[in-house]
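The values are calculated or read from the model by the stated rules, or taken from the named source; none is laboratory data. Quantities reported herein were computed from a predicted structural model and do not represent experimental measurements. Because the Cβ atoms are built from the backbone with ideal geometry, glycine has one as well, and the counts that use them run over all protein chains shown. Quick note on the areas: whole protein, heavy atoms, side chains included, nothing else; ligands and nucleic acids left out. Shrake-Rupley method; radii C 1.70, N 1.55, O 1.52, S 1.80 Å.
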Amino acid sequence: MKTSIRGSAIGNGLWGKALIFVLFPVTGLCIGGVLGRLSLYTLGAAIGITIMLLLLVLRQDVVAATLIIVTHIYVDWYLGSLVAAQVMTFLMLLVYFMARSPRHPWAEPRALWLWVLFLFLGIDPAIQGASRLYDIAFYYPNLIGGALLMFWLGTVIAKDVRHLRTFFQCLALLAALLAIHTIIQTMTGKVIFGSPRFDAYIASRGGFALFNGLNVFRVGSFFEDPNWNGTFFATMLFLPLGLFMEASSIKGKMLYLAEVLLMIPALLFTYSGGAWVGVLGGLIAFLILLGRLRDRLWLSSLVGLVAVIGRVFFSTQISLQLQHGTSPAEFPLRLGAWETGLKVIGAFPLTGVGLGFEVYQQRAEPYRVAAQYLQLDHPHNSYIEFGAKGGLPLLVVFLALIVLALWQTWRTRALLPVGTRLLLSGGIAAIMAFSVNSFSINAWTLPPLAALGWIILGAMSSPLLKKSLASNSNEPDRACQS
């Protein structure tokens with residue numbers, strides 16, 4: 001009898017629907033309160049929340065999760081809210097927990113104790129770095145607590161291979177749209193859906209001119225900084241690439257190829273050398289994960305096609321990229337920032353100097369080396385940043401969480417049919433590109449990018465995904481590949 005009651009109430013989502021209509025207005029007030037100075041933004045927030053309500057009532061979990069990523073990028077980062085997406089994610093998880101049922105299963109991340117340790121170790125550095133409200137909102141809610149929320153959301157939405165594939169398709173489409181946005185900004189100099197805050201920032205950085213006196217500008221799109229925009233495309237490139245390799249229909253392959261061919265020039269227009277190094281790391285990982293000769297021939301053919309297109313249509317941009325990457329003003333400064341960060345770790349190995357920008361500038365100054373000729377508020381390396389600001393214990397747990405998720409993904413991948421393994425191979429390659437790029441920029445320590453990395457890891461390593469494969473040796477409907 002208890003089972004019947006549970007199935008009729010929670011199983012049909014009555015609790016979830018009630019929570020949606022009671023709790024999600026709180027999200028509206030949160031976003032509206034941050035953006036309420038401009039009525040247009042308030043209207044946009046109201047429309048976004050209405051869409052989220054409909055998605056959750058209809059249980060379009062994958063699309064709702066993609067909208068969370070959009071909120072991270074545009075509302076939290078570009079418009080400067082910093083916390084709206086985290087509130088939405090928490091409420092989504094609460095709804096999913098209350099509405100759990102055999103049809104809509106609930107799952108917890110594996111090694112939850114390790115996440116609890118990560119949350120605990122981040123408290124003291126967050127307190128040390130709490131010199132201003134921006135730093136308080138930037139670090140702990142996004143990079144510590146927010147990491148768990150996004151990872152958990154990925155865990156819940158990846159119920160089986162079909163849902164994982166659909167999520168990757170949604171992310172690939174989002175990346176293609178942002179690639180178009182980047183290309184339009186490059187060609188016209190205008191930012192669609194721009195903001196005065198963004199225009200002021202770009203002006204303060206000289207428009208991100210590639211070289212003084214040369215009318216060529218690096219493009220940041222909604223990520224503002226071109227290096228972060230480059231990291232986004234370097235990571236997302238491998239999702240449509242994996243979908244392309246897995247797809248069996250010509251229509252599907254053409255769609256994913258088009259997405260790849262949009263992202264590559266967008267990446268090129270960022271002129272981010274670190275992003276291209278990340279692409280190389282992802283390609284090496286992807287090549288290793290390809291088991292069949294025909295898959296390697298497909299990849300080689302695709303790389304050859306991209307090389308020819310680049311040589312014919314983008315030779316000037318490629319030449320400028322090489323000049324920028326080898327500029328004496330770039331690499332030595334980056335090395336100096338790393339060396340300074342390592343010295344800070346040596347001086348504060350257990351607790352770091354605090355998770356904050358101002359506190360790092362002040363406390364790292366006595367350890368600044370001559371090669372770092374500018375005062376910086378982070379060491380331009382996510383791993384050194386975690387160690388220098390949060391301490392080595394926090395860094396070790398952070399790395400352990402990534403390695404554990406990749407190991408769980410590897411074990412899940414082994415359960416898949418050979419052709420479908422390419423889906424997870426693309427996801428693993430994306431995380432490898434992201435992690436390699438994080439050696440030259442603060443990718444794992446920038447809220448919108450970190451959210452993307454954690455939700456992909458959570459989806460690939462989801463125990464629900466592995467359980468669905470173990471209970472059904474046949475892969476779910478492959479018709480969704482096209």
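Since only LEU394, GLN86, SER319 are under comparison, the one whose Cα sits farthest along the positive direction of the charge dipole of the chain, derived from C-beta charges on Lys, Arg, Asp and Glu, is GLN86. Sorting 219-229, 136-146, 310-320, 372-382 by their mean Cβ neighbour count within 10 Å, with the most densely packed peptide first, gives 219-229, 136-146, 372-382, 310-320.
Can you order the peptides 330-342, 415-427, 81-93, 179-191 by their average number of other Cβ atoms within 10 Å per residue, highest first?
Taking the mean over residues of other Cβ atoms within 10 Å, the ranking is 81-93, 415-427, 330-342, 179-191.
Entry comment: accessible area of the range 107-149 is 45 Å² per residue, from protein heavy atoms only and a probe of 1.4 Å. By accessible area, using a 1.4 Å probe on protein heavy atoms only, the chain has 70% of its surface on carbon and sulfur. Ligands, DNA and RNA are left out, and with a 1.4 angstrom probe the accessible area of the range 397-474 is 28 Å² per residue.
Straight Cα distances below 13 angstrom link LYS251 to the aspartates and glutamates GLU259, with same-chain residues fewer than 8 positions distant left out. Cα centroids of the range 118-180 and the range 295-354: 24 Å apart. In the chain, helical runs assigned H by DSSP with n ≥ 4 each contribute -39500 (n - 2.57); averaged across all residues and rounded to the nearest 500, the mean residue ellipticity at 222 nm is -21500 deg cm²/dmol. Accessible surface for the range 204-277, divided over its residues, is 32 Å² per residue with a 1.4 Å probe.
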